[in-house]
1. Residues that are modelled with pLDDT of 90 or more, within 22 Å of ALA157 (Cβ to Cβ) and open to solvent by 50 Å² or more (accessible area, probe 1.4 Å): does the stretch 258-268 have at least one?
2. Pick from the stretch 483-525 the residues that are under 20 Å from ALA410 (Cβ atoms) and of a type in the set (Ser, Thr, Tyr): which of them is modelled with the highest pLDDT?
3. Take the residues in the stretch 8-57 that are aromatic (Phe, Trp, Tyr), modelled with pLDDT of 90 or more and surrounded by 13 or more Cβ atoms within 10 Å (Cβ to Cβ), then tell me which one is farthest from LEU114 (Cα to Cα).
4. For the stretch 354-406, which strands (runs of 3 or more DSSP E) that fit wholly inside it have 3 or more residues that are hydroxyl-bearing (Ser, Thr, Tyr) and within 24 Å of GLU188 (Cβ to Cβ)?
5. Of the residues SER176, SER180, SER185, only one is open to solvent by 50 Å² or more (accessible area, probe 1.4 Å), touching a helix residue (DSSP H, G or I) at 6+ places or on another chain (Cβ under 8 Å) and polar (S, T, N, Q); which?
6. Just name the residue that is farthest from TYR345 (Cα to Cα) out of those in the stretch 315-330 that are of a type in the set (Asp, Glu) and assigned to a strand (DSSP E or B).
7. Spot the failing condition for ARG312; the list is (1) part of a loop (DSSP other than H, G, I, E, B); (2) touching a residue at least 60 places away in the same chain (Cβ under 8 Å); (3) under 17 Å from ILE504 (Cα atoms); (4) of a type outside the set (A, V, I, L, M, F, W, C), and only one is missed.
8. Select, from ALA204, ALA161, the only residue that is farther than 17 Å from THR220 by Cβ and in a helix (DSSP H, G or I).
Amino acid sequence: MSQTLHIFRKDIRHHWPEVLISLLLLAAFVWHESAEWSGNFPSFSLLQILFSFVNTLLPLSWCLMIVRLVHEESLVGDRQFWVTRPYEWPSLLVAKLLFLIVFIHLPVFVAQLLLLSRAGFPIAPNLTGLLGMQIGLGLLFLAPITLAVVTRSLAQALIVAIGAFLVFLAVGSLASLVPSETMSSALENSGIFQGSLFLAAPVAAILWQYARRRTWHSRTLLLAAGAAMVLADAVTPYRTLIERQYPLADSAHPAPVQLSVLPPPPPVKKAPSPQRPLGNTVLISIPVHVSAVAKQSVVLANGMLVSMDGPRNLKWDSGWNPSGMEFWPEESSSALQFSMKRHLYESIKSSPLHLHFSFALSEFKESSPRELSLPEGEFVVPGVGYCHIERGYFPALSCRSALHEPGLIASGVVTNASCSEQDKFPSAPSRNVAHQLLRSGHGGFVNPGVSPIKTFSIYLQTFDDTHESPEERVRMHFCPGTPVRFATPIRSGYTRLDLQTDQITLENYEVNSYGYGAITLRALP
């Protein structure tokens, strides 16, 4: 223990400048965070621009301090002065961890308590969540610690970090070539092997370096773990896993939504353009009729697969891709959108084709509904946090919650009337009821990071079919006295729905880049 404290005191003498800088940045972060969500921060000011860099400088200062701290007793090579001293590696490792706890974790914990208190949230019920955030922060520090134990100097660590970042970008680009890999986030228990390896390999390398200082062995271990994760991602049968998690709807287990393809709209005369079309992809939008969505529920399309067949044995398959479409009870129509390579589109756009759509659906039902007449100033939304009306071009409710974004369904009747005009308008028909679905951040677990306060906005808007322009948005103006319904979304199950079209020609459904195509992009509320 005395050796650990000796190394700890020595590190304080050598690294107090880094400690002081990180503490000043943390203080600036706390002030900036509380000023932003309390509304006391001037918008678009020079001070705001300067303080916006704190979110980047604070983690960078920690990474720099960690790398320099580990390099104080470099583990690469065998000619360092410190190896001539009777240091025991457990004492050395514990001293470094103690330094991080005292000068990073403890100040961050105090800052989190202060932010919770200033935001109006109780401390005691959120202590477990704060502990989870501290564990998450420690796991994030595995990256700079691992980088430091396998490099000799700060310059070498910087070169390795840049190289690793470029490799990460390259691997990410190649991963998009794996069929249906982009849907991995919609799968339960997906990536457990990769995640376990991602944590185990750095921990093993750190312990191996401190215990044996086998640098090349540790580097080889890290490279092998990275290669194993890439290989596991490449061979994972995502399509099979998706179809297993989302069973096909049948008469015994009907789909929570019914879709049917609508006829194409009247052709719109396109403005002549001598220029070649921009981009190498074409967006296709198929109008559909929506029905059978249960009241007080929403159906979310987590993913969509499009396949087509046509003349000359044409076969095309998009693979599973994330979708994010939402189907609400009041909605009667929507648009199924997908993209394809332009050269393929040009070769088949006038040919009769059969399209087949598959949807990976999740149904969410409302739980604990409560209606609130919005008061002036700041108010409490049970189960959500604190909200206030934020006026402007995009009317919204600006809210904050503790530890993570809450799961929430917000609903309201939408008109284009401003707050001073709303009493002049009769009640809007039900088709102008708008919703917003907020899914709980990180599956209900605490978000990694420093601030325990999570801010989000609620926008309610829909489309009014009575207007000449079909894309004209009707926004809800949040005013004192406006009734808004809040509910907690509870997922009730997974389903897969198939939809087959008759023969169609794609050129009738192209969305061009100038905004006057056959189908106009429709944002969902």
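The values are calculated or read from the model by the stated rules, or taken from the named source; none is laboratory data. Quick caveat: nothing in here was measured; it's all calculated off a predicted structure. All Cβ positions, even for glycine, are placed from backbone atoms using ideal geometry, and neighbour counts span all protein chains on display. Heads up: the accessible areas ignore ligands, DNA and RNA and are worked out on the full protein's heavy atoms, side chains in. Shrake-Rupley method; radii C 1.70, N 1.55, O 1.52, S 1.80 Å.
1. For the stretch 258-268, residues modelled with pLDDT of 90 or more, within 22 Å of ALA157 (Cβ to Cβ) and open to solvent by 50 Å² or more (accessible area, probe 1.4 Å): absent.
2. In the first step, residues of the stretch 483-525 are kept if they are under 20 Å from ALA410 (Cβ atoms); the result is 483-492, 522-525.
Filter once more, keeping what is of a type in the set (Ser, Thr, Tyr): 488, 492.
Working: THR488: 91, SER492: 88.
My answer is THR488.
3. We begin by selecting, within the stretch 8-57, every residue aromatic (Phe, Trp, Tyr); these are 8, 16, 29, 31, 37, 41, 44, 51, 53.
Filter once more, keeping what is modelled with pLDDT of 90 or more: 8, 16, 29.
Restricting the remaining residues to those that are surrounded by 13 or more Cβ atoms within 10 Å (Cβ to Cβ) gives 8, 29.
Numbers: PHE8: 27, PHE29: 12 Å.
Ranking the qualifying residues of the stretch 8-57, first place goes to PHE8.
4. Values: elements: 354-373, 379-381, 385-390, 396-402.
Result: 354-373.
5. Unique residue meeting the criteria: SER176.
6. Looking only at the stretch 315-330, we keep the residues that are of a type in the set (Asp, Glu), and these are 317, 326, 330.
Keeping just the survivors that are assigned to a strand (DSSP E or B) gives 317, 326.
Values: ASP317: 13, GLU326: 27 Å.
Only one residue fits best here, namely GLU326.
7. With respect to (1) part of a loop (DSSP other than H, G, I, E, B); (2) touching a residue at least 60 places away in the same chain (Cβ under 8 Å); (3) under 17 Å from ILE504 (Cα atoms); (4) of a type outside the set (A, V, I, L, M, F, W, C), ARG312 is out only on (2).
8. On the way: ALA204 fails: farther than 17 Å from THR220 by Cβ.
Within the list ALA204, ALA161, the selection yields ALA161.
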